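What follows draws every value from the coordinates through simple rules; no lab data is involved. Keep in mind that this is a model prediction, so the values were computed, not measured. Every residue, glycine among them, receives a Cβ derived from its backbone with ideal geometry; neighbour counts consider all protein chains shown.
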Amino acid sequence: MSRLRIGVLGGGQLGRMMALAGYPLDLLFSFYESTPDCPAAALGKVFGDAGNSMASLDAFIDSADVFTYEFENIPAAWVERIAARKPVHPGVKSLATSQNRLNEKKLFAHLDIPSARFSEINSEADLRAATQKLGLPLVIKTVTMGYDGKGQFLLKEEAQISAAWAQLGAQAPLIAEEFVRFQRELSIIAVRARDGSSVCYPLTENTHHKGILSHSIAPAPDIDAATQRCAERYVTSILQELDHVGAFTVELFDTHEGLRVNETAPRVHNSGHWSIEGAHCSQFENHVRAVAGLPLGSTACEKPTAMINIIGRHPSTAVVLQQTDAHLHLYGKSEREGRKLGHITLTANSYDELMARIRHIADALPNPMALPRD
Ligand code: AMP
């Protein structure tokens with residue numbers, strides 16, 4: 001039997017970790033990425049050129065049997081071109097929804113999923129009207145291409161309206177969201193197979209530093225069964241609506257009034273990296289299984305697990321590995337401020353022990369991290 005070849009649009013660390021999860025299943029990988037020395041390059045042939053020509057895309061399409069992507073900010077036209085010839089999972093509908101915050105909001109409303117009230121903004125006058133309708137503060141975001149808090153403005157007072165428009169107006173349409181007073185940020189990752197069955201990982205608590213994910217804890221501490229069920233209901237209803245195949249992430253705010261959905265990603269997610277060591281079957285393996293048409297694996301997590309991002313500068317490998325139950329994942333990237341270079345997974349027998357280990361590992365990291373609450 002010939003080996004199934006999976007083509008991944010994007011060759012970053014997510015593609016790299018998909019391939020690392022897929023090789024034990026005897027799957028083969030190729031990537032479409034304009035930078036030849038990308039993190040995934042060690043694991044399969046990289047197609048793509050500086051101009052992302054259609055000829056290079058066609059050569060990539062020839063190289064695999066089934067396709068997926070590791071990043072949603074890619075032209076839908078690429079996915080459509082692939083889909084005309086070969087299967088792509090997730091499909092164009094998932095991509096188009098997650099690429100556009102207004103589409104996402106419409107989907108949440110359609111499915112009765114609570115999220116921040118919002119207004120579409122196409123002018124400075126719209127912005128002024130939104131402050132009347134929604135109150136202050138407002139979070140102003142670009143509708144497309146936003147991630148890690150990029151393309152955002154926190155509008156605290158009316159005097160800032162012109163400044164907000166001056167900063168973001170050229171990228172209109174924008175979205176103005178009411179400011180959600182949350183206790184913490186959570187995410188849930190689910191994976192849906194081609195036969196429509198799905199599995200959900202436990203809710204994960206995420207802490208950011210300077211707009212970038214600093215660390216995640218899974219399962220998120222102090223989550224009752226009803227809250228987990230609620231998050232699972234939200235994500236599975238989205239998966240069904242989109243007829244999604246593969247991993248899918250929903251980011252949520254935990255508030256005194258319950259969960260509020262913030263945004264989605266039609267892919268494996270940084271807040272799910274803990275699952276490589278922390279869950280029976282990782283988000284990467286389950287994603288690859290879904291794309292390959294294989295049965296999904298268990299998402300059970302036996303022990304409190306943490307994932308700590310390595311950002312900007314590398315720690316000493318030996319110092320990290322000296323720590324009990326520390327697993328180091330490096331992405332093969334060069335150092336640059338704010339760049340995700342790798343992550344560390346820690347497991348422990350209790351949350352107290354886990355918090356102590358996170359604090360300990362923080363000493364080994366050159367990048368400052370947001371330490372867990374005491
Ligand atoms: P996003 O790109 O939508 O994930 O936003 C980046 C970060 O900004 C989130 O992780 C939150 O910390 C914060 N944020 C985004 N939207 C809101 C909101 N409506 N209310 C309060 N904080 C927000």
| said: Tally up the residues in region 121-151 that are under 30 Å from Thr227 (Cβ atoms) and in contact (Cβ under 8 Å) with a residue 60 or more places away in the chain, please. | reply: 4
| request: Could you list all residues from region 39-51 that are within 14 Å of Met18 (Cα to Cα) and buried (at least 21 other Cβ atoms within 10 Å of the Cβ)? | output: Pro39, Ala40, Leu43, Gly44
| remark: Checked pairs for region 187-213, first in contact (Cβ under 8 Å) with a residue 24 or more places away in the chain and over 22 Å from Asn309 (Cβ atoms), second acidic (Asp, Glu) and more than 16 Å from the ligand (Cβ to nearest atom), C-beta under 7 Å and 6 or more apart or across chains, list as Cys200/Glu232
| query | If only one of Ala292, Ala226, Ala218, Ala265 is over 27 Å from Phe179 (Cα atoms) and either among the hydrophobic types (A, V, I, L, M, F, W, C) or within 14 Å of the chain's Cα centre (by Cα) (or both), which one is it? | reply | Ala292
| query | Is region 245-263 home to any residue that is in a helix (DSSP H, G or I) and not β-branched (Val, Ile, Thr)? | reply | no
| note | Scanning region 147-178 residue by residue, the ones that are out of contact with any helix residue (DSSP H, G or I) (no Cβ under 9 Å at 6 or more places or on another chain) and within 15 Å of the ligand (Cβ to nearest atom) total 7
| Going through region 279-302 one residue at a time, which ones are touching a helix residue (DSSP H, G or I) at 6+ places or on another chain (Cβ under 7 Å), closer than 14 Å to Thr347 by Cβ and part of a loop (DSSP other than H, G, I, E, B)? | Ser282
| query | If you take just the strands (runs of 3 or more DSSP E) that sit entirely in region 1-120, which of them hold at least 1 residues that are in contact (Cβ under 8 Å) with a residue 12 or more places away in the chain and closer than 17 Å to Val288 by Cα? | reply | 5-9, 28-32, 66-69
